[in-house]
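Right, one structure below, let's go through it.
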Amino acid sequence: EVCDVMVVGSCMTDLVSQAPRLPKAGETIHGHKFFIGFGGKGANQCIQAARLGAKTTMVCKVGKDFFGDNYIQNFKDNGVHTDFVGQASDAATGVASIIVNDAGENAIVIVAGANMLLGSEELHKALPAISHAKVLVCQLEISPQTSLQALRMAQENKVKTIFNPAPAIPDLDTEFYRASDVFCCNESEAELLTGSSVVNVEEALRAGQELLKRGCGSVIITLGPQGCVVVKAQESPSKHVKTTAVTTVDTTGAGDSFIGALAFYMAHYPTMPLEEMARRANQVAGVSVQTVGTQISYPFKKDLPAELF
Ligand code: RIB
Ligand code: NA
């Protein structure tokens, strides 16, 4: 069975505290709500693509523990293929401690655990599936070598690749750019990767050009309420894609919702202009920021306007 979107990436159990503001070093503050959710950038992106109607497969590693068992059930509940979801007995399921303030901003510490044990052995087992996928998506919450190897395997098999360099590392191997058909990051990641400020549309367009020169097919830099910029290698000028204003409650995982949606559009509408895919992905992610949590806030196809499909 051919899969539309394949994600090689992370799973994390999100431990989320809502508080009026983020604490300073050495400080204790009272929060007003705590909840546990399914997160991790890889899984988030996969779940969003699945909820829009993509046939999805996840390649990842969780622990042989309560969080890991639960996570596998979560994939099944969302219709994600779990043949390549492994369970490590020598590491725990990844966790993310998240604090969300009243402005909807967050601070996150991840302990990747079992995610770091995903390696070439698992990729080789998944290769027959990877080679038949339409789109492959990777991030940086697993070992970088594993992500790069997966992207290369996809490219060798003419599978379109989306790479999300998150969380960003300053000296990203230039091979990642060459292995990315679409290189998609947010403003702070773009800042870290280029070493220049990215706080407005002009600076994002400049950063996009700079990243593009490193060898990827196209660059998308997401800008929250300002939408995103799309910079393409062939023809056409760079574009600022605006988005509609929404009331923000929690932006955690909004970037993942955007990327999951982008992967869905690339798989289902391969000839659609990238700017149009980005415009629609902005709409999807815009829904996710209006309620708390990551995956729990991701819309299903049935919740969205028909013109997005
Ligand atoms: O991008 C959001 C995600 O980052 C959260 O779900 C958390 O798990 C961290 O990995
Ligand atoms: Na949300």
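The values are calculated or read from the model by the stated rules, or taken from the named source; none is laboratory data. Keep in mind that what you see is a predicted model, and the values were worked out from it rather than measured. Note that each Cβ is placed from the backbone with ideal geometry, even for glycine, and that neighbours are counted across all protein chains shown. These accessible areas exclude ligands, DNA and RNA; they are computed on the full protein's heavy atoms, side chains included. Shrake-Rupley method; radii C 1.70, N 1.55, O 1.52, S 1.80 Å.
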*asked:* I need a count of the residues in segment 246-281 that are within 16 Å of ligand 2 (Cβ to nearest atom) and either aliphatic (A, V, I, L, M) or under 17 Å from the mean Cα position of the chain (by Cα) (or both).
replied: 15
*asked:* Considering only residues that are open to solvent by less than 10 Å² (accessible area, probe 1.4 Å) and more than 15 Å from ligand 1 (Cβ to nearest atom), which ones fall in segment 12-32?
replied: Ala19
*If a residue has to be open to solvent by 60 Å² or more (accessible area, probe 1.4 Å) and either outside any helix (DSSP H, G or I) or touching a helix residue (DSSP H, G or I) at 6+ places or on another chain (Cβ under 8 Å) (or both) to count, how many in segment 64-88 make the cut?*
4
*Subset of segment 256-289 [of a type outside the set (Lys, Arg), open to solvent by 30 Å² or more (accessible area, probe 1.4 Å), assigned to a helix (DSSP H, G or I) and over 23 Å from Cys11 (Cα atoms)]*: His268, Glu276, Gln283
*Specify which of the listed residues (Gly224, Gly260) is on the phi > 0 side of the Ramachandran plot and within 16 Å of ligand 1 (Cβ to nearest atom).*
Gly224
*Can you tell me which of Val230, Val249 is among the β-branched types (Val, Ile, Thr) and closer than 22 Å to Glu105 by Cβ?*
Val249
*Of the numbered conditions (1) within 16 Å of ligand 2 (Cβ to nearest atom); (2) within 15 Å of Gly42 (Cβ to Cβ); (3) open to solvent by 50 Å² or more (accessible area, probe 1.4 Å); (4) not β-branched (Val, Ile, Thr), Ala96 fails exactly one; give the number of that condition.*
(3)
*How many residues does segment 128-148 hold that are under 18 Å from Thr82 (Cβ atoms) and surrounded by fewer than 17 Cβ atoms within 10 Å (Cβ to Cβ)?*
2
*Out of the residues in segment 195-233 that are assigned to a helix (DSSP H, G or I) and of a type in the set (Gly, Ala, Ser), which is nearest to Arg152 (Cα to Cα)?*
Gly208
_Give all pairs with beta carbons closer than 7 Å in which a residue from segment 131-155 that is in a helix (DSSP H, G or I) meets a residue that is aromatic (Phe, Trp, Tyr); count only pairs at least 6 apart in sequence or on separate chains._
Leu148/Phe176; Leu151/Phe163
*Kindly provide the set of residues from segment 33-63 that are touching an Asp or Glu at 6+ places or on another chain (Cβ under 9 Å), more than 16 Å from ligand 1 (Cβ to nearest atom) and open to solvent by 70 Å² or more (accessible area, probe 1.4 Å), ordered by number.*
Lys55
